[in-house]
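Derivation of every value follows stated rules applied to the coordinates shown; laboratory data play no part. Since we're looking at a predicted model, the values are computed, not measured. Every residue, glycine among them, receives a Cβ derived from its backbone with ideal geometry; neighbour counts consider all protein chains shown.
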Amino acid sequence: MALARIAVVCGDRVGSLMAGPAIRAVELAKALSGAGHRVVLAAPEGSDPSTPGVSETFAWSTSEDLREAVVGSEIVVIFAPVLANNMWLASTGCLLVVDAYDPGLLETLESRRGQPVNAQRDWIADADSQMLAPMTVADVVIVANERQRHFVLGLLAGAGRLGSRTLAEDPQLNRLVITVPFGMPVEPPESSSSPLRHPSGPFDGDAFVALWGGGLYSWLDPVALVEAVALTSDKRVVAAFLAGPHPTPAVGEMPLVDVAKRRARELGLLDSRIHFVEQWVPYAERGNWLQSADVGVSLHHRHVETELSYRTRMLDYLWAGLPVICTSGDVIATDVAESDLGWVVEPGDIEGIAAALDAASSETPASADGRRARIGRASQDRTWAVVTKPLIEVCADTRLAP
């Protein structure tokens with residue numbers, strides 16, 4: 001295998017506090033480094049300058065900084081929105097591997113819903129260009145699942161990229177579009193504390209803790225969990241929301257935190273059966289929070305963002321051996337249902353969510369053990385070492401796309 005100098009370019013800060021894109025950039029960089037490549041992880045100013053397992057970390061804030069970061073690279077792995085703002089990278093002669101796992105256009109359609117029409121138009125036009133422009137120059141596009149692959153093939157067709165020469169060299173387009181899901185560590189989490197339970201946490205030791213393990217974004221439905229807790233028959237059922245401000249300053253406060261808190265207060269549950277963790281949990285410490293819980297929860301509304309999403313928070317639940325309560329519509333929910341890894345309900349079905357919480361809290365030890373074993377088997381093919389294999393194979397061949 002030919003070894004290369006590879007720049008992995010991220011638009012989110014990298015360090016102890018990270019959201020999905022930054023986590024993914026770090027893990028992709030570590031996998032490529034582990035394959036023997038010399039990898040530079042280029043992340044915005046304010047990032048931690050040292051990332052274990054990565055050859056070099058480079059802080060950037062301007063196009064000039066980014067030029068310096070990629071100098072000498074044969075391959076650039078870059079998130080689509082970052083490339084859209086730095087299209088000059090297409091003239092460097094590097095193999096451009098564009099990560100489109102997070103379809104920002106669809107998130108924007110949901111997050112800007114209800115705003116003035118002119119403002120929506122501007123935001124959507126910008127998000128649209130951030131997805132479309134990279135498709136015109138990408139040598140390889142990374143997606144997280146088969147649904148996203150179909151979506152990206154449509155974008156590539158619209159960009160005029162599916163010509164006869166491309167199909168002659170790559171008849172099934174298996175090099176032009178590769179699937180690299182989000183992954184999880186090989187080893188399960190080790191717990192050094194129990195931050196959700198007494199004496200250091202908010203809940204009693206015998207509480208049944210449902211964990212909302214990620215951001216409270218506007219395309220999700222955390223309020224449904226609040227309302228479902230109020231309906232449970234088992235009053236030991238409580239819920240904790242990881243609700244701290246996003247580590248990327250441009251994102252900041254999560255939009256639904258105040259909405260969910262207000263509903264919990266109206267129902268008389270705030271700070272008794274509903275708890276909001278006000279800080280972003282460090283990536284290296286998330287195992288403690290996961291293992292303080294009994295079930296992981298991911299709920300969303302019914303819309304197109306759901307169909308093409310990859311709910312990464314559910315991977316953390318599975319990594320920690322937690323059963324999952326989720327709403328239907330996304331690909332991981334399908335896996336949860338087909339492999340019996342938890343309970344899948346319809347979006348907006350508060351009674352169904354409450355029933356799932358009661359079912360989870362009353363599960364027999366034998367049933368719980370069987371579910372845990374199924375979760376362990378389902379997790380084996382989801383580790384970063386496994387899911388990054390297609391990217392490692394692509395990076396062994398630096399041929400540019402036609």
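Structure values in brief
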quantity	calculated
Cα gyration tensor, the stretch 208-382 - rounded (a/c under 1.5), prolate or oblate	rounded
Listed residues F203, F151, F58, most fluctuating in the chain (Gaussian network, C-alpha, under 10 Å)	F151
Proximal lysines to K235, defined as alpha-carbon separation beneath 21 angstrom and excluding residues fewer than eight positions away on the same chain	K261
Top of A243, A210, A133 by mean-square fluctuation, Gaussian network on the chain, Cα under 10 Å	A133
Student exercise, the chain dipole from Lys, Arg, Asp, Glu Cβ charges, in Debye to nearest 20	340
The stretch 244-316: C-alpha gyration tensor shape, a/c 1.5 cut-off, then a/b vs b/c	rounded
Under-5 Å amide H pairs with W60, H placed in peptide plane, nonlocal only	A43, E45
Hz values of 3J(HN,Hα) by residue in the stretch 90-97 - Karplus curve (6.51, -1.76, 1.60), Gly and Pro given as x	5, 9, 7, x, 6, 5, 9, 9
Difference of contour (0.36 nm per residue) and Cα-Cα distance, N118 to E169	14.0 nm
Helical segments meeting 20 Å axial Cα length and Kyte-Doolittle 0.5 threshold in the chain (DSSP H)	20-34
R0 of 25 Å, Cβ-Cβ distance E351-D204: FRET efficiency to nearest 0.05	0.45
Under Karplus coefficients 6.51, -1.76 and 1.60, residue-wise ³J(HN,Hα) of the stretch 36-41 in Hz, glycine/proline x	x, 6, 8, 10, 10, 9
Contour minus Cα-Cα distance for S16 and A284 (0.36 nm per residue)	95.8 nm
DSSP-defined antiparallel bridges as percent of all bridges, the chain, nearest 5	0
Taking the stretch 208-382 and dividing mean pair separation by its residue count, relative contact order in percent (alpha carbons under 8 Å, at least six apart)	25
Expected 222 nm ellipticity per residue - DSSP helices of 4 or more, -39500 (n - 2.57), all of the chain, to 500	-11000 deg cm²/dmol
Anchor K30: lysines whose Cα lies under 27 Å away (excluding residues fewer than 8 positions away in-chain)	K389
